[in-house]
Amino acid sequence: MKVRFLLRLHFEITFFSLYIQLSEFKMPETNQFIIHQITDVNSADFHYCLSIYREAFPPNEKQPEQIICERVEKKKSVLYCLKYNSKIVGITLLWDFKNSKFQLLDYFAIIEEQRKIGMGSFFFKEISNLVNQTGKRLIMEVEHPAYGNNKSERKRRIDFYIKNGSFILNHVPYILPPLDGTIPTEMFLLIAPGSEGEVFNRTQIIDLINRIYLELYERDKNDFLLNKFIDKLSEEIILTTNYE
């Protein structure tokens, strides 16, 4: 019948269209990726990384670009880029806490047109493995999805890190100082790798937070924002993937 033929034709066209859409978002072969450390702040690659940094983060979460330059040049921060077909598609900036078991994933970004196809997951896992090979783990400041005007975006970001092996430090009401002098940001602290139910003691986490505030933001133990939440930490802090 004509109706059945039209229905079948509609189904085949829809299926073909869906196939084409899915094909467009196929993850590229990982052998086409190169992870490269950038140390020369005068290089074209460094300045392209800065342009990604400039676009990817809100003003109150961004350090002045001059500080980024100085930290990379003096080897206080380590900058890696992800290249695909010789083009930079992602960046990450790490800060190593000396004599500790952690490195801060200070910034992590994939360019907008290359998101949602697996590049971010590949890059994050490779960086996590790289840090783990030094005997350390990543710690991350990630926006709390219960706050702000972009709750769905924040939730996707948290879900991305959890999907890729990260765990939330439960009941740590962390606050990121406003890096442009405006509004502080409510955050989760995440650790990777980890395991559900893994326990950290209060002293260890307080020491780590104090170091983040002092070394990254030049704020000491008497800082007003720090003291708003640091005393609220429980004696045992548990890793979890549950944030609802």
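The values are calculated or read from the model by the stated rules, or taken from the named source; none is laboratory data. Everything numeric in this text was worked out from a predicted model, so none of it was measured. Here the Cβ positions follow ideal geometry from the backbone for every residue, glycine too, while neighbour counts run over all protein chains shown.
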_Some residue of segment 1-20 being at pLDDT 95 or above and either outside any strand (DSSP E or B) or surrounded by 14 or more Cβ atoms within 10 Å (Cβ to Cβ) (or both)_ = no
*Could you look through segment 186-200, keep only residues that are part of a loop (DSSP other than H, G, I, E, B) and charged (D, E, K, R), and pick out the one that is nearest to Ser121 (Cα to Cα)?*
Glu196
*asked:* Report every pair of residues separated by at least 6 positions or lying on different chains whose Cβ atoms are under 9 Å apart, first residue within segment 132-148 and assigned to a loop (DSSP other than H, G, I, E, B) and crowded, with 17+ Cβ neighbours inside 10 Å, second among the β-branched types (Val, Ile, Thr) and modelled with pLDDT of 95 or more.
replied: His144/Ile158; His144/Thr185; Pro145/Ile158
_Considering only residues that are over 19 Å from the mean Cα position of the chain (by Cα) and under 27 Å from Cys69 (Cα atoms), which ones fall in segment 216-244?_
Glu218, Arg219, Asp220, Lys221, Asp223, Leu225, Leu226
*Looking for whichever is at pLDDT 95 or above, farther than 29 Å from Phe200 by Cα and either aromatic (Phe, Trp, Tyr) or part of a helix (DSSP H, G or I) (or both) here; the options are Ile68, Ile91, Ile127. Which one fits?*
Ile68
*Of all the residues that make up segment 217-232, how many are closer than 16 Å to Gly181 by Cβ and part of a helix (DSSP H, G or I)?*
3
*Which residue pairs have Cβ atoms closer than 7 Å, lie 6 or more positions apart in sequence or on different chains, and pair a first residue in segment 223-236 that is within 10 Å of Tyr213 (Cβ to Cβ) and surrounded by 12 or more Cβ atoms within 10 Å (Cβ to Cβ) with a second residue that is of a type outside the set (Ser, Thr, Tyr) and modelled with pLDDT of 95 or more?*
Leu225/Ile175; Leu225/Pro177; Leu225/Pro184; Leu226/Arg219; Ile230/Ile206; Ile230/Ile209
*asked:* Going by what's in this entry, would Phe46 be described as over 30 Å from Asn149 (Cα atoms), at pLDDT 95 or above and part of a helix (DSSP H, G or I)?
replied: yes
*Across segment 202-222, what is the number of residues that are surrounded by 12 or more Cβ atoms within 10 Å (Cβ to Cβ) and over 24 Å from Gln63 (Cα atoms)?*
2
*Check off (1) surrounded by fewer than 16 Cβ atoms within 10 Å (Cβ to Cβ); (2) farther than 16 Å from Arg137 by Cα; (3) touching a strand residue (DSSP E or B) at 6+ places or on another chain (Cβ under 6 Å) for Leu176 and give me the number that stays unchecked.*
(1)
*Only one residue in Ile175, Ile183 is closer than 20 Å to Ala146 by Cβ and either among the acidic types (Asp, Glu) or assigned to a loop (DSSP other than H, G, I, E, B) (or both). Which one?*
Ile183
*Go over the candidates Tyr217, Tyr243 one by one and state the one that is of a type in the set (Phe, Trp, Tyr) and modelled with pLDDT of 95 or more.*
Tyr217
*Answer yes or no as to whether Gly165 is of a type in the set (Gly, Ala, Ser), touching a Ser or Thr at 6+ places or on another chain (Cβ under 8 Å) and not in a helix (DSSP H, G or I).*
yes
_Taking the criterion of being part of a strand (DSSP E or B), more than 15 Å from Leu104 (Cα to Cα) and either among the aromatic types (Phe, Trp, Tyr) or touching a Gly at 6+ places or on another chain (Cβ under 9 Å) (or both), would at least one residue in segment 201-213 satisfy it?_
no
*Which of the residues that make up segment 64-93 are in contact with a Leu (Cβ under 7 Å, 6 or more places away or on another chain), crowded, with 20+ Cβ neighbours inside 10 Å and not β-branched (Val, Ile, Thr)?*
Ser77, Leu79, Gly90, Leu93
_segment 112-126: number of residues that are crowded, with 20+ Cβ neighbours inside 10 Å and farther than 13 Å from Lys163 by Cα_ = 2
